[in-house]
1. Run the numbers for residue 26 and residue 45: contour at 0.36 nm per residue of separation, minus the present Cα-Cα distance, in nm.
2. How high is the relative contact order of the chain, in percent, with contacts defined as C-alpha pairs under 8 Å that are six or more residues apart?
3. Based on the Cβ-Cβ distance of residue 59 and residue 33, what FRET efficiency does E = 1/(1 + (r/R0)^6) give at R0 = 25 Å, to the nearest 0.05?
4. Using only the Cα atoms of segment 7-83, build the gyration tensor, take square roots of its eigenvalues as a ≥ b ≥ c, and label the shape rounded, prolate or oblate: rounded if a/c is under 1.5, else prolate if a/b is larger than b/c, else oblate.
5. Can you work out the PRE-style zone for residue 3? Point 7 Å along Cα to Cβ, and I want the residues of segment 54-83 with backbone N under 15 Å.
6. I'd like to compare 6-12, 78-84, 49-55, 36-42: which one has the highest average count of other Cβ atoms within 10 Å, and what's the full order after that?
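Readers should treat all values here as calculations from the given coordinates under stated rules, not as data from a laboratory. Predicted model, so just to flag it, every value in this text is computed and none were measured. Cβ: placed from backbone, ideal geometry, glycine included. Neighbour counts: every protein chain shown.
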């Protein structure tokens, strides 16, 4: 897991998820100006608090953060498309009794 983010990782995650700065700001609980300043910061490391807020928000839109390793730097990829996230949210809010996921 990535401990801290940079503005570039935030911008990359937002673009991969296909969301606007306003949507990210709302999901992270920050102002849109904070999102703009964060993305403009480029490769500067964010505070742990800001990193956590942006990570949680972007992960809710399907982003996955890849930790820094000996072979490569930190990165971000998309686990789900934006439509997948909407569909999952819709299905989870339908209610009803949970059933086993095993298919014969």
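1. Working it through step by step, the gained length comes to 4.7 nm.
2. In percent, rounded to a whole number, it is 31.
3. Between residue 59 and residue 33 the formula returns 0.65.
4. In terms of gyration-tensor shape, oblate.
5. 67-70, 74, by backbone N distance to the label point.
6. 6-12, 49-55, 36-42, 78-84
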